[in-house]
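The values are calculated or read from the model by the stated rules, or taken from the named source; none is laboratory data. Because the structure is a prediction, the values reported are computed rather than measured. Here the Cβ positions follow ideal geometry from the backbone for every residue, glycine too, while neighbour counts run over all protein chains shown.
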Amino acid sequence: MKPIDYVYIETTNYCNLQCSFCNRDEVIGPLQHMTLFNFESLLEKIKDHPVKEAKLMGMGEPFLHPKFDEICKLFKQYFPDAKLISATNCQYTITPVFERALEYIDYLYFSIDGYEDSYETYRPPSKWSKLIKFLNRFKEVDRKGCTVAVNYVVNSGNVDDIQPVYDHIVKAYKLDELRLNIAQEWNPDKSMPSGYTEEQLEYLKNNWSSMIKGRAVWDYKNCFWPERGLYVTVEGRVLMCCMNTAAEEFGNIFSSSVDTIRKGKKFRLVAEGCKQNNPTDHCKTCSYKELAPLLSRLGLL
Ligand SMILES: C[S@@+](CC[C@H](N)C(=O)[O-])C[C@H]1O[C@@H](n2cnc3c(N)ncnc32)[C@H](O)[C@@H]1O
Ligand code: SF4
Ligand code: SF4
């Protein structure tokens, strides 16, 4: 067991959308925002770990947390050198909280997975007009050094919209990058959605492979989560990773130490299974594994 260098913390489970590819509805409990008190007690518990990267997101819309700016600031007070990443669905009006948070966020994803109608189709009840309003307002915002990327979840129905999003959103609004994520299945009881035609796969490979994220060569023994990652839900439940958010928790960080949780029998069994490349039930349907052959087909290494 190595020290933790990657954390994924859900500071709210409130959301204003019901995206078709997101399993939020199936895994969240009562709606809540993490209090600053609880967030700080969590940071206290991990402060001696060499955290290099943190994702403040999860099964909710981070910017619906009324004090998300203070959450980000607090994180940076504890880990000034860590890269802070968040994601947003852009379906709201930009507030001073949003603008202040940019001072602390190093990398922000704008989640946009389609153009006009298809955007609205996969992210109900979003409105394309709301997105454009957000982006137009964002033009005037001081980015304070924050890198902004469009994070596009690809499925067989939105492949043709990558180009217009690249031209009319990424380039037109001077965003820094387009990241393509092949849609994963975060519900362990289901298989990854596929349904791509050969033509679509060739098109993705020939035009977009450099922007597709993920690893084509991946096996359980390569999984970093049990060894050095930490996933915490808004209630403080510690999960193994962001790939199996339906799993039962391994402990609660507000009532136990990180060490106690990571040394727990259940946690060690999952970790050992990955290490030996002999996955336990927790990992058998992991999307990283399911995705690898497809990413290889798309020309990734
Ligand atoms: C779970 S969301 C939370 C943040 C925010 N609510 C949002 O949508 O940006 C974090 C990121 O995961 C992406 N995502 C959601 N479901 C996914 C899936 N099944 N496969 C791959 N990425 C997914 C979202 O598009 C978003 O960029
Ligand atoms: S992907 Fe983000 S915006 Fe969509 S339902 Fe999930 S948490 Fe909400
Ligand atoms: S499900 Fe298992 S193998 Fe997949 S990311 Fe999680 S811990 Fe790793």
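Miscellaneous remarks
- Per-region count, segment 145-158, residues in contact with a Phe, Trp or Tyr (Cβ under 7 Å, 6 or more places away or on another chain) and in a strand (DSSP E or B): 6
- Selection from segment 71-105 of residues that are assigned to a loop (DSSP other than H, G, I, E, B) and either within 18 Å of the chain's Cα centre (by Cα) or over 24 Å from Lys52 (Cα atoms) (or both): Ala82, Asn89, Cys90, Gln91, Tyr92, Thr93, Ile94, Thr95, Leu102, Tyr104, Ile105
- The set of residues in segment 4-60 that are in a strand (DSSP E or B) and within 17 Å of Phe79 (Cβ to Cβ) comprises Tyr6, Val7, Tyr8, Ile9, Glu53, Ala54, Lys55, Leu56.
- Flag if Gly264 is over 25 Å from Cys22 (Cα atoms) and in contact with a Ser or Thr (Cβ under 6 Å, 6 or more places away or on another chain): no
- Within segment 107-126, residues that are over 16 Å from Asn155 (Cβ atoms) reach partners that are surrounded by 17 or more Cβ atoms within 10 Å (Cβ to Cβ) and hydroxyl-bearing (Ser, Thr, Tyr) with beta carbons closer than 6 Å, at six or more positions or on different chains, in the pairs Leu108/Ser86.
- Screening the candidates Glu99, Glu70 for the property of being free of Cβ contacts under 8 Å to residues at least 60 places away in the same chain and under 29 Å from Ile162 (Cα atoms) yields one hit, Glu99.
- Members of segment 39-95 found to be of a type in the set (Gly, Ala, Ser) and surrounded by fewer than 21 Cβ atoms within 10 Å (Cβ to Cβ), listed by number: Ser41, Ala82, Ala87
- Single match in Tyr115, Tyr104, Tyr109, Tyr173 (criterion: surrounded by 14 or more Cβ atoms within 10 Å (Cβ to Cβ), hydroxyl-bearing (Ser, Thr, Tyr), out of contact with any Asp or Glu (no Cβ under 7 Å at 6 or more places or on another chain) and more than 22 Å from Lys83 (Cβ to Cβ)): Tyr173
- Among (1) under 24 Å from Asn151 (Cα atoms); (2) more than 13 Å from ligand 3 (Cβ to nearest atom); (3) free of Cβ contacts under 8 Å to residues at least 12 places away in the same chain - the single one Leu239 does not satisfy: (2)
- Qualifying helices (runs of 4 or more DSSP H) (wholly inside segment 244-301; at least 3 residues being at pLDDT 95 or above and under 22 Å from the mean Cα position of the chain (by Cα)): 265-275
- Residue in segment 204-215 that is farthest from ligand 3 (Cβ to nearest atom), counting only those that are assigned to a loop (DSSP other than H, G, I, E, B) and under 24 Å from Asp161 (Cβ atoms): Lys213
- Among the residues of segment 106-120, the one identified as among the hydroxyl-bearing types (Ser, Thr, Tyr) and either in a loop (DSSP other than H, G, I, E, B) or on the phi > 0 side of the Ramachandran plot (or both) is Tyr115.
- Of all residues in segment 159-176, those that are part of a loop (DSSP other than H, G, I, E, B) and farther than 14 Å from Met211 by Cβ total 3.
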